[in-house]
Amino acid sequence: MRRHFDEAEKIRIGETSLARPPLRPTAASLRAHFERATGRGLVELENPHVEPRVTATDRRTATPASILIAIVLRDPEPTVLLTQRHHGISFPGHWVFPGGRTDPRDPTPIETALREAEEEIGLDRRHVEVLGRLGDYVSHSGFRVVPIVALVHPPFELTPQPGEVEAIAEIELSRLVDSSSYFLFRFQNRKDRAHFAMDTEREGPMLTGVTVSIAIGFYRELLKTHDDRTRTPGNIRTESMS
């Protein structure tokens, strides 16, 4: 994927009209967001990529799943847990949020996300403070994904599940909520499509596909609270990233 990305035509979002204010979320501001009506409102996350939309039939038959946006309370700033998919399974080598399909015995999407994080990376739920959820995201791969947002309190130990998780990484939360972190790229042989990506340091994780779509959706949702708090009489409201 990295080679194809390097060869693609790329546009930095921070240098376009899509640029939005960078955010610096804290544990307190994240808790406050999900306590507000803005944060509790569930609006289905949009697919930001330029590609065919998921059909109505596919939406009705999508398999339920959950992922965990696990925000680790590190000093000096929070980070987000990512896992690299094992090279022997689907989407090999891709960096994703921990998660997976719903088990019929899971009572809620939150339980699915916590169970999958325990199974995939050994994240003990005793360290996890669930804040809330985002709206569903329906993927081309046939899943209706519920993103669960949580704070993770160190210290804790993680162990990748053999055959499923190749590696575990943490990136700064601030990168997910800064439009300068994102690119729109287009391959020379596919002028009818364009895809978003978030590239960290050269040797670090690169977020693409469903993962970057959910990251952008998370950013958009936090911007709603940012906009509410910065709106004053006589001022024009700051646009959300859309």
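Where strands (runs of 3 or more DSSP E) fall entirely within segment 84-153, those with at least 3 residues that are hydrophobic (A, V, I, L, M, F, W, C), within 18 Å of Arg60 (Cα to Cα) and in contact with a strand residue (DSSP E or B) (Cβ under 8 Å, 6 or more places away or on another chain) are at 143-152. Return a yes/no flag: does segment 36-43 have any residue that is polar (S, T, N, Q), within 26 Å of His153 (Cα to Cα) and out of contact with any strand residue (DSSP E or B) (no Cβ under 8 Å at 6 or more places or on another chain). Yes, segment 36-43 contains at least one residue that is polar (S, T, N, Q), within 26 Å of His153 (Cα to Cα) and out of contact with any strand residue (DSSP E or B) (no Cβ under 8 Å at 6 or more places or on another chain).
Inclusion of Val146 among residues that are within 26 Å of Glu35 (Cβ to Cβ) and hydrophobic (A, V, I, L, M, F, W, C) is warranted. Contact map, segment 95-119: first residue more than 16 Å from Arg144 (Cα to Cα), second residue in a helix (DSSP H, G or I), Cβ cut-off under 8 Å, separation 6 or more or different chains; pairs are Trp95/Thr211; Leu114/Arg125; Ala117/Arg125; Glu118/Arg125.
Scanning segment 120-147 for residues that are without any contact (Cβ under 8 Å) to a residue 60 or more places away in the chain and of a type in the set (Lys, Arg), we see that the one that is nearest to Leu81 (Cα to Cα) is Arg125. Checked against (1) buried (at least 17 other Cβ atoms within 10 Å of the Cβ); (2) assigned to a strand (DSSP E or B); (3) not basic (Lys, Arg), Ala169 passes all but condition (1).
Filtered by the rule that a residue be surrounded by fewer than 17 Cβ atoms within 10 Å (Cβ to Cβ) and not hydrophobic (A, V, I, L, M, F, W, C), segment 147-166 gives His153, Pro154, Pro155, Glu157, Thr159, Pro160, Gln161, Pro162, Gly163, Glu164.
FYI, it's all coordinate maths here, none of it is from the lab. All values reported here derive from a predicted model rather than from experimental measurement. Backbone-built Cβ (ideal geometry, glycine too); neighbour counts: all protein chains shown.
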